[in-house]
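**Q** Below you'll find the structure I mean.
The values are calculated or read from the model by the stated rules, or taken from the named source; none is laboratory data. Note that this is a predicted model, so its numbers are computed, not measured. As a convention, Cβ positions derive from the backbone with ideal geometry for all residues, glycine included, and neighbour counts pool all protein chains shown.
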Amino acid sequence: MKLARLLLWPLATLCLATTSPDDHDDFQRPPPYDAKLDKGSHGYYPVHPFITSPLTAPQTNFVQWSPDCNDGLHYFITPKGWSVSKPGPMILAGDGSMVWSEHFANGFGGQAYDLKVQKYQGEEFLTFWLGDDTVRGHGAGQYYMLNASYDIVHTISAANGKFADLHELIITPEATALMIVFEVIPADVRPLGRKFNDVWNQAIWNCLIQEVNIETGELVFEWRGSEHVNITQTYMKLDSLAEGTQENPFDPYHLNSVEKDELGNYLISARNPHAIIYIDGKTGVIIWTLGGKNNLFMDLSDGYALNFAWQHDARFVSPYAFPETYTPPPEKEGVSVTLLTMFDNAAVDWDYFYGMPYSRGLLLELTYPTPDSNVGKELAAGGRITEDSIVQSGEPREPLSKQDAEKVASINGTRVSYAVRVIHDFTNPNHVRSGTQGSVQLLPQAQGRDPKLFVGYGLNAVMTEYSSNGSVLCDVHFGAKTSWERGDVQSYRAYKFAWVGRPRTAPVAAVKGDEVLVSWNGATEVHSWLLQTADSPESDWTVVEREPRRDFETAVRLPRQHRAARYLRILAIDRDGQPCEYGVSNIVVRNRFATFARQRLGGSSVSAIQLEEGSGIAYGWIREAPIN
C-alpha cells in the first residue's frame, strides 16, 4: 500500500516546478512590509489602480519573506468579500504583483472559487467555479476550464441535471471530474432539536460526491451522505426555529473536499461532523472515519490528532514524501501507513467552542488495516497490530481545553489497529483563526528533499509558506489585518503553481508625460519591454529604450532625445531575447496640443485619438493618460 501511495501525490502538486532561486535571476524581491496597510490605513482591501487597464490589483504585503519562496511559481487566489468590488480568479507573481485577473459577471456577483492548474488529456488548464453562491457556504454552478490564452474551452457540470458545488473540482488521470453537489431532501430533524412535529415541512442539505466523464457528462460514480452518515453525527447546532425546513434546510454534512486514490477509493472531508471519511469506490461503504462521533482511530498525540474541528481540504500524502524529517515504520502485511494533510479551521463562523485557539495546517500519520487484504480484514475485525508498528508522538503538548478533552475522550478509538498521530502542525505566528474555508498544499522540492507546505487561510486574506519543520518562510497578506474574520477580503483556497500564460490579445500602452506605460493581462513570459518610435505608422520603427518588466504595469521612460516622436509602441521580449507572440502593443499617438489643453483646462482623465483611416492598423481608440 505504501509503495502505491508513493505514486499518488495530491493533484494540487502535479503541475509544480522543482526549481531553485538561481533559476529565476530576474525575480524581484517584494516590497518591504508596510504596517500601515495591515492597520487598514488604505481600507480593508488596498489596491493598485492602473492607467492601461480598468483592473485593480491587491497591494500584497509580505510580513515575512525568504529567498526559499522564490521557486518560479505563481500564486493563485480568488479574492472576494464585502470590500472586493469586482471579484474573480487572480494570478500573482512571486513578488506579489498581479499577472492576470478577470471579473466574470454572472448575475450573482461573479465570485469565483478554487482557481488552480490541472492537467486534462496532457494539457494544462486553469479551472475554477462560477455560479450562485448566495446560499451561504455552498453554491450551485459549474466549473470552467481556460487554456493558456485564457479562452474558456470547456465547462464541467454535475450529472443528471444537478449543479456543481463551489468546493471542489479534481480532474483525474482517467479524464473524469470529481465534484460535490448540495441538494435539498426531506428529513426528520427532530433528533437534532427541532421542537415542532412538522415532519412534512422538514428538510436538510444532502451532500453528494460525483465522478463525471468530462467529455460525455455521464455519471461514473455517486455517493450520498444521507445513505451512509446519520445526521446526528453532526456538530452543527440546530438552534433556530426557522432552520430545518424546506425553505431553510439544515446542513448536517457540508462536504468540502474529495479525492480518489490509486485503489479507486474516495477520501472526503465532512466539515460539520468533524470527520474525514474513506469510502470504498465500488460499493460506497465507509471503510473508516477519522475524527467525529464515528471515529475509529486511537490518538497517539495526546488528543491533538483528533481535536480538529470544521476542517477543510483533506489529502492523502505518500509516506515517502518527507525523506529528511519522516521515516515510515517497517512494512507489515495487511497494515497501511499513510500521511494526510488538512486545514484545521478550529472555528465555524464565529463559533470557537471546539478546536485550537487558532487555525493550523496538519500533517498526520494514519495506520489502519489495508482494505481488500485478508490480514487487513482480520485486523479490521478486531485483530491487533503489534505494538512496535505504532510510534507514539514524542512532542510535549499543552493540555487540551475542557471541551476538547471531553470530545476526544468520547470519540477516541480503542483498537490499536487504527492509530493516528501528529507529525507536524503549521501555525501562523499571528495565530490566524479562520471561521470558514482554507487549504493546505504540498510544494515538492528536489529529489531527496522535504516538500514545503503552502497554507491558504480562507476567510482571512493570508497565505503562508512553511518549511517541513513548521517554520515560516513567507507570510503574505492581500488584505488588511483589520479585515480578518469579517468577510471583507477572502479567498476560498490559495495555491502555488507553475503556469505559462500566452494571451492572444495585445499589450496595452498609454502615455503619461514622458513615460509610456504598458500592461499585458495574463502574459507570464515577458522579461522586458522595448519602446519603439516612428515618424508614421507605416515607417520603420526604432528601438529607443528597454525596460525590465516590473509589476502588472511597467513605466518606460522616453529618452530626452526622442521626446519629439509622435508615434510610439511597445514590444514584449521573453527571457531568450525573442519577441513574444502577439506582443506588439497598440500605437500611441502623442498629441502635444491635446496634452497642453488638458493641463490648462484641467480636463478629462483619458483622451482618445483615432488613427488615420486606411493606415492598416486596427487599434481603434488610443488612450493618452493625464499628467498629474
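**Q** Within the stretch 197-236, which residues are part of a loop (DSSP other than H, G, I, E, B) and either among the β-branched types (Val, Ile, Thr) or in contact with a helix residue (DSSP H, G or I) (Cβ under 8 Å, 6 or more places away or on another chain) (or both)? Give the steps one after another, and end with the answer.
**A** Taking the stretch 197-236 as the starting set, the residues that turn out to be part of a loop (DSSP other than H, G, I, E, B) are 197-198, 214-218, 228-230, 234-236.
Listed by number, the residues that qualify are Asn197, Ile214, Thr216, Val229, Thr234.
**Q** Name the residues in the stretch 102-138 that are crowded, with 23+ Cβ neighbours inside 10 Å and hydroxyl-bearing (Ser, Thr, Tyr), would you?
**A** Result: Tyr113, single match.
**Q** Do we have any residue at all in the stretch 552-560 that's modelled with pLDDT under 95, basic (Lys, Arg) and either surrounded by 12 or more Cβ atoms within 10 Å (Cβ to Cβ) or closer than 19 Å to Glu525 by Cα (or both)?
**A** Within the stretch 552-560, not a single residue is modelled with pLDDT under 95, basic (Lys, Arg) and either surrounded by 12 or more Cβ atoms within 10 Å (Cβ to Cβ) or closer than 19 Å to Glu525 by Cα (or both).
**Q** Here's another thing I want to ask about it. When you look at Lys260, is it crowded, with 19+ Cβ neighbours inside 10 Å, basic (Lys, Arg) and in contact (Cβ under 8 Å) with a residue 12 or more places away in the chain, yes or no? Can you show your working first?
**A** Working: crowded, with 19+ Cβ neighbours inside 10 Å: yes; basic (Lys, Arg): yes; in contact (Cβ under 8 Å) with a residue 12 or more places away in the chain: yes.
When the stated conditions are applied, Lys260 passes them.
**Q** Against the definition (touching a His at 6+ places or on another chain (Cβ under 8 Å) and of a type outside the set (Phe, Trp, Tyr)), how does Leu255 come out, yes or no?
**A** Values: touching a His at 6+ places or on another chain (Cβ under 8 Å): yes; of a type outside the set (Phe, Trp, Tyr): yes.
Yes: the conditions hold for Leu255.
**Q** Let me ask something additional. Select, from Asn201, Asn206, Asn213, the only residue that is in the same structural domain as Ile277 (by TED's automatic domain parsing), touching a residue at least 12 places away in the same chain (Cβ under 8 Å) and touching a Leu at 6+ places or on another chain (Cβ under 9 Å). Give the steps one after another, and end with the answer.
**A** On the way: Asn201 fails: touching a Leu at 6+ places or on another chain (Cβ under 9 Å); Asn206 fails: touching a Leu at 6+ places or on another chain (Cβ under 9 Å).
Just a single option satisfies the conditions, and that option is Asn213.
Per-residue answers, yes or no, for (1) in the same structural domain as Trp65 (by TED's automatic domain parsing); (2) surrounded by 24 or more Cβ atoms within 10 Å (Cβ to Cβ); (3) in contact with a Cys (Cβ under 6 Å, 6 or more places away or on another chain); (4) under 14 Å from Gly456 (Cβ atoms):
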site	(1), (2), (3), (4)
Gly470	yes, no, no, no
Leu473	yes, no, yes, no
Lys481	yes, no, no, no
Arg486	yes, no, no, no
Ser491	yes, yes, no, yes
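**Q** Now for a different question. Among (1) among the β-branched types (Val, Ile, Thr); (2) buried (at least 16 other Cβ atoms within 10 Å of the Cβ); (3) assigned to a strand (DSSP E or B), there is one condition Val153 misses while meeting the rest; what is its number?
**A** The failed condition is (2).
**Q** Take Met356 and tell me if it is within 21 Å of Gln311 (Cβ to Cβ), part of a loop (DSSP other than H, G, I, E, B) and not charged (D, E, K, R). It would help to see each step written out before you state the result.
**A** Values: within 21 Å of Gln311 (Cβ to Cβ): yes; part of a loop (DSSP other than H, G, I, E, B): yes; not charged (D, E, K, R): yes.
Against the criterion (within 21 Å of Gln311 (Cβ to Cβ), part of a loop (DSSP other than H, G, I, E, B) and not charged (D, E, K, R)), Met356 qualifies.
**Q** Among the residues of the stretch 101-154, what is the count of those that are among the aromatic types (Phe, Trp, Tyr) and within 25 Å of Asp349 (Cα to Cα)? Step through it out loud before you land on a result.
**A** Going through the stretch 101-154, the residues among the aromatic types (Phe, Trp, Tyr) turn out to be 104, 108, 113, 120, 125, 128-129, 143-144, 150.
Checking which are within 25 Å of Asp349 (Cα to Cα) leaves us with 108, 113, 128-129.
Total meeting the criteria: 4.
**Q** Would you point out which residue out of Glu547, Glu525 is without any contact (Cβ under 8 Å) to a residue 24 or more places away in the chain and within 15 Å of Gly583 (Cα to Cα)?
**A** Numbers: Glu525 fails: without any contact (Cβ under 8 Å) to a residue 24 or more places away in the chain.
Of Glu547, Glu525, the one residue that is without any contact (Cβ under 8 Å) to a residue 24 or more places away in the chain and within 15 Å of Gly583 (Cα to Cα) is Glu547.
A quick yes/no check of all residues on (1) closer than 25 Å to Val455 by Cα; (2) crowded, with 22+ Cβ neighbours inside 10 Å; (3) at pLDDT 95 or above:
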site	(1), (2), (3)
Gly281	no, no, yes
Trp288	no, no, yes
Gly292	yes, yes, yes
Phe297	no, yes, yes
Gly303	yes, no, yes
Asn307	yes, yes, yes
His312	yes, yes, yes
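**Q** Mind checking which pairs have a first residue in the stretch 320-349 that is under 25 Å from Lys452 (Cβ atoms) and surrounded by fewer than 16 Cβ atoms within 10 Å (Cβ to Cβ) and a second that is hydrophobic (A, V, I, L, M, F, W, C) and at pLDDT below 95, Cβ under 7 Å, 6 or more apart or different chains?
**A** Filtered contacts from the stretch 320-349: Tyr320/Leu6.
**Q** Are any residues in the stretch 330-350 part of a loop (DSSP other than H, G, I, E, B) and polar (S, T, N, Q), and if so, which ones?
**A** Once the filter is applied, which keeps residues that are part of a loop (DSSP other than H, G, I, E, B) and polar (S, T, N, Q), the stretch 330-350 yields only Asn345.
**Q** Residues that are assigned by TED's automatic domain parsing to the domain that holds Arg549 and over 27 Å from Arg549 (Cα atoms): find the strands (runs of 3 or more DSSP E) completely inside the stretch 64-127 holding 2 or more of those. Explain how you work it out, then say what you get.
**A** Values: elements: 74-77, 90-92, 98-101, 113-120.
The strands (runs of 3 or more DSSP E) meeting that bar number zero.
**Q** OK, next. Quick check on the stretch 538-551. Is at least one of its residues assigned to a loop (DSSP other than H, G, I, E, B), assigned by TED's automatic domain parsing to the domain that holds Gly513 and among the hydroxyl-bearing types (Ser, Thr, Tyr)?
**A** Of the stretch 538-551, the ones assigned to a loop (DSSP other than H, G, I, E, B) are 538-541, 549-551.
Among the residues that remain, those that are also assigned by TED's automatic domain parsing to the domain that holds Gly513 are: 538-541, 549-551.
Pick out the ones that are also among the hydroxyl-bearing types (Ser, Thr, Tyr) and you get 539.
Taking every residue of the stretch 538-551 in turn, at least one turns out to be assigned to a loop (DSSP other than H, G, I, E, B), assigned by TED's automatic domain parsing to the domain that holds Gly513 and among the hydroxyl-bearing types (Ser, Thr, Tyr).
**Q** Could I ask something else about it? Within the stretch 418-451, how many residues are closer than 19 Å to Asp344 by Cβ, among the basic types (Lys, Arg) and surrounded by fewer than 21 Cβ atoms within 10 Å (Cβ to Cβ)?
**A** Final tally of qualifying residues: 0.
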